[in-house]
Amino acid sequence: MRPYYITKRANGYYGIRLIDQKTGLITCDRNTHTKDRGVAESIAVGWMEGRVKP
């Protein structure tokens, strides 16, 4: 199971869902405020490493 999923929303912005690895439940579903998938990936990695607060 992945630690996060990135989805493109209807408005064109990417959203990230963080997944709890033990339970498999979504712990956080946030908008990244970007239309660039590469930037969204960077934000997701920052959230996972704790550098950026979700």
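What to note about this one:
- Interchain or long-range residues, amide H under 5 Å from Tyr4's placed H: Ile19
- Between helix 37-49 and the chain there is an angle of about 30 degrees, using the helix long axis and the longest principal axis of the Cα atoms.
- Virtual paramagnetic centre 7 Å along Cα→Cβ of Glu41, amide N under 19 Å, in the range 12-30: 13-19
- Nearest-20 debye value, the chain charge dipole, Cβ charges on Lys, Arg, Asp, Glu: 100 debye
- Mean Cβ neighbour count within 10 Å, used as a protection proxy, ranking 12-18, 34-40, 23-29 highest first: 12-18, 34-40, 23-29
- Mean residue ellipticity (222 nm) of the chain, computed from DSSP H runs ≥ 4 via -39,500 (n - 2.57), nearest 500: -7500 deg cm²/dmol
- Summary value for the chain: 28 percent relative contact order, contacts being C-alpha pairs under 8 angstrom separated by 6+ residues.
- Think of a 1.4 Å ball rolled over the protein heavy atoms: the chain then has 71 Å² of accessible area per residue.
The values are calculated or read from the model by the stated rules, or taken from the named source; none is laboratory data. Here the structure is a predicted model, which is why all the values come from computation and not from measurement. Methodologically, a virtual Cβ is constructed for each residue, glycine included, from the backbone with ideal geometry; neighbour enumeration extends over all protein chains shown. Protein only, heavy atoms only, side chains kept; ligands, DNA and RNA dropped before computing areas. Shrake-Rupley method; radii C 1.70, N 1.55, O 1.52, S 1.80 Å.
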